[in-house]
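These notes are about the structure you will find just below.
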Amino acid sequence: MELNLQTTSKITWCPGCPNSQILVAFRKVVTDLVSENKLKAENIVCAVGIGCHGKISDYLNLNTFTALHGRPIPVMSGIKMANPDLCVIGFSGDGDSFSEGIEHLIHAARRNSDIKLLIHDNQVFALTTGQATALSPKGFKGKSTPGGKIEEPLNPLSIVLTAGATFVARTYAGDIVGTEKIMKAAIAHKGFAFVDIIQPCITFFDTRDYFKDKLYWLAEGNPRNDLNEALNLVTNDDGRVPLGIFYDVSKETFEEGLGNIQIQISKSK
Ligand code: SF4
């Protein structure tokens with residue numbers, strides 16, 4: 001039977017919002033992986049937090065779970081621990097995972113939980129109509145910072161790299177084909193996969209012009225197993241913004257470690 005990932009829910013994102021491009025890319029990725037027998041649709045579980053990104057759960061005919069604000073990650077970790085055969089994919093926003101739930105993010109990366117996290121990074125709390133997040137740039141003027149944001153933003157990629165994530169990548173929502181490639185690589189990765197998707201909020205923080213001439217894709221075959229090189233790329237202050245896979249290494253996952261301990265305990269009885 002042909003896979004139909006559409007639902008009857010009306011799309012309520014602003015017309016032209018790049019969230020729709022993320023949805024298109026993700027549906028294509030799942031359709032491809034299922035048709036290639038690499039995944040079963042019934043074995044996919046998606047979790048979302050609170051924010052504009054979270055509406056994606058209404059538009060996907062898959063198993064989905066809507067968590068509290070900033071809390072998709074503990075839900076994902078619990079699902080994966082309970083049934084390691086499931087493919088657990090989370091959608092979250094920069095406000096959701098870097099302002100609200102950053103502690104979950106850091107510890108999931110540190111544990112190398114075998115879950116995939118796709119961040120809709122629009123550098124603003126968009127659902128609540130334009131407040132600064134931890135990723136909004138210094139000087140950002142929004143409803144919570146009318147005089148301009150005072151603090152420097154966090155660097156999302158350096159945080160997850162130093163916390164221990166084993167797959168770290170960045171893409172741009174407007175590049176649907178590029179985003180599909182990154183999503184497929186993240187899903188194929190065994191361990192904690194983090195994808196920062198630059199997703200301008202065209203209503204409350206339209207950064208499309210800002211990014212237009214800054215984005216570039218890393219060359220094919222760039223080294224992906226060198227943490228220092230990855231950190232250099234994501235912290236480089238040369239005015240350009242690289243896209244691609246910065247880091248992709250193999251390491252025991254939390255669920256594998258848990259399984260090994262359970263075997264040892266059962267043998268010792
Ligand atoms: Fe998209 Fe921004 Fe509208 Fe939310 S407020 S749907 S992020 S354009």
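The values are calculated or read from the model by the stated rules, or taken from the named source; none is laboratory data. The structure presented is a predicted model; accordingly, all values stated were derived computationally and were not measured. Ideal geometry is used to build each Cβ from the backbone, glycine not excepted, and the neighbour counts take in all protein chains shown. These area figures cover heavy atoms from the full protein model, side chains too; ligands, DNA and RNA do not enter into them. Shrake-Rupley method; radii C 1.70, N 1.55, O 1.52, S 1.80 Å.
For this structure, a couple of remarks:
- Its relative contact order, with pairs defined as Cα atoms under 8 Å and 6+ residues apart, puts the stretch 67-141 at 32 percent.
- Rel. contact order, % - alpha carbon contacts under 8 angstrom, at least six apart, the stretch 19-268: 18
- Modelled FRET efficiency - R0 30 Å, A41 with V177, Cβ distances, 0.05 increments: 0.85
- Accessible area (Å², 1.4 Å probe, nearest 10) - T145: 20
- Cut-off under 5 Å, modelled amide H: who pairs with S144 long-range: A132
- In this structure I50 has an accessible area near 70 Å², from a 1.4 Å probe over the protein heavy atoms.
- Rounded tilt (10° steps) of 176-188 against the dominant C-alpha axis of the chain: 30
- Overall dimensions of the stretch 164-269 by Cα: Rg and Dmax, Å: 17.8, 64
- Within the stretch 19-268, all pairs of alpha-carbon atoms sorted by distance into 10 Å bins from zero give the percentages 7, 32, 38, 18, 4, 1, 0.
- Rolling a 1.4 Å probe across all protein chains gives S35 an accessible area of roughly 90 Å².
- Taking amide hydrogens as placed 1.01 Å from N in the peptide plane, the amide H of S113 sits under 5 Å from those of F192, F254, each at least 5 positions away in sequence or on another chain.
- For the pair the stretch 229-269 / the stretch 189-227, the C-alpha centres are spaced 19 Å from each other.
- For the stretch 16-66, trypsin sites (Lys or Arg not before Pro) meeting the loop criterion (DSSP other than H, G, I, E, B) and having at most 14 other Cβ atoms within 10 Å: K38, K40.
- Accessible surface for the chain, divided over its residues, is 47 Å² per residue with a 1.4 Å probe.
- Highest average first, the peptides 89-96, 226-233, 57-64 ordered by how many other beta carbon atoms sit within 10 Å of their residues are 89-96, 57-64, 226-233.
- Accessible surface, 1.4 Å probe, highest first, among residues E42, E103: E42, E103
- Amide H partners (placed H, <5 Å) of L243, local residues excluded: Y216, W217, L218
- Per-residue HN-Hα couplings for the stretch 86-93 [Karplus 6.51, -1.76, 1.60; θ = phi - 60°; Hz; x = Gly/Pro]: 7, 9, 9, 10, x, 10, 8, x
- Dipole of the stretch 34-175 [Lys/Arg +1, Asp/Glu -1 at C-beta], most positive-end residue of M81, L135, C52: L135
- When C52, C46 are compared by accessible area of protein heavy atoms, the largest-first order is C52, C46, using a 1.4 Å probe.
- Per-residue Karplus couplings for the stretch 77-82, computed as 6.51 cos²θ - 1.76 cosθ + 1.60 with θ equal to phi - 60°, are listed in order as 4, x, 4, 5, 5, 5 Hz, Gly and Pro entered as x.
- Ranking K80, K181, K214, K269 by solvent-accessible area of protein heavy atoms (1.4 Å probe, all protein chains present), from largest to smallest, gives K269, K181, K214, K80.
- Calculated mean residue ellipticity, 222 nm, the chain: -10000 deg cm²/dmol, from DSSP H runs (n ≥ 4) at -39500 (n - 2.57) each, averaged per residue and rounded to 500.
- Cα long-axis angle, helix 19-35 against the chain (0 to 90 degrees, to the nearest 10): 20
- Extension gain, T128 to D226: 0.36 nm times the residue separation minus the Cα-Cα distance gives 31.4 nm.
- On the basis of the beta-carbon distance and an R0 of 51 Å, K143 and S266 show a calculated FRET efficiency of 0.40.
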